[in-house]
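Down below is the structure, laid out as structure tokens.
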């Protein structure tokens with residue numbers, strides 16, 4: 001437990017990328033750092049090398065997703081406009097995939113390939129936990 005707390009605090013300080021999205025966003029990011037640090041059992045040295053790379057990847061992925069934001073689907077959208085959006089979505093998906101490949105190779109210098117695989121599962125688990133928590137807070141049952 002103390003290892004978890006120590007690594008969590010270390011991870012929070014090492015993120016350096018926590019932006020001013022308000023207290024809620026900061027809290028979620030801190031929770032994610034603690035969750036992933038714990039699940040991957042990152043050492044202080046691994047954390048120091050891993051988090052800057054991970055944060056850079058996250059930032060670039062956010063930029064790609066922001067660039068794809070669209071207006072709500074309108075009933076009077078033309079087929080050409082719909083196809084344009086579909087093609088932009090495919091391009092964005094490809095950019096994300098290319099970025100993930102590139103940064104996976106960079107992260108391999110900070111953590112082992114086994115931890116890289118565990119990272120993917122930890123990210124999924126964190127999202128599930130966050131959703132579960134949000135549903136509970138809203139009083140939604142499965």
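Please treat every number below as a calculation from the coordinates, not as lab data. Everything quoted here is computed from the prediction, not taken from an experiment. With ideal geometry, Cβ positions are generated from the backbone for all residues, glycine too; neighbour counts draw on all protein chains shown.
I need 107, 138 ordered by Cβ neighbour count within 10 Å, fewest first.
Values: 107 20, 138 7.
Least to most surrounded, the residues fall as 138, 107.
Extension gain residue 125-residue 48, at 0.36 nm per residue separation less the Cα-Cα distance, in nm? If you can, show how the numbers build up before the last one.
Details: separation 77, 0.36 × 77 = 27.72 nm, distance 2.26 nm.
Length gained, residue 125 through residue 48: 25.5 nm.
How big is the Rg/Rh ratio for segment 19-141, C-alpha atoms only, Rh by Kirkwood, two decimals? Don't jump to the answer; show the numbers that get you there.
Numbers: Rg = 17.6 Å, Rh = 16.9 Å.
Rg/Rh: 1.05.
Would you mind calculating the gained length between residue 105 and residue 85 on full extension (0.36 nm times residue separation, minus the Cα-Cα distance), in nm to one decimal? Spell out each step's value before the answer.
Working: separation 20, 0.36 × 20 = 7.20 nm, distance 3.05 nm.
Contour length minus Cα-Cα distance gives 4.2 nm.
Using Cβ counts within 10 Å as a stand-in for footprinting exposure, how do 29, 137, 100 rank, fewest first? Mind dumping the intermediate values first?
On the way: 29 18, 137 8, 100 15.
Lowest to highest Cβ neighbour count: 137, 100, 29.
Using a Förster distance of 30 angstrom, determine the FRET efficiency expected from the C-beta separation of residue 97 and residue 77, and round it to 0.05.
Numbers: r = 27 Å, r/R0 = 0.89.
Efficiency at R0 = 30 Å is approximately 0.65.
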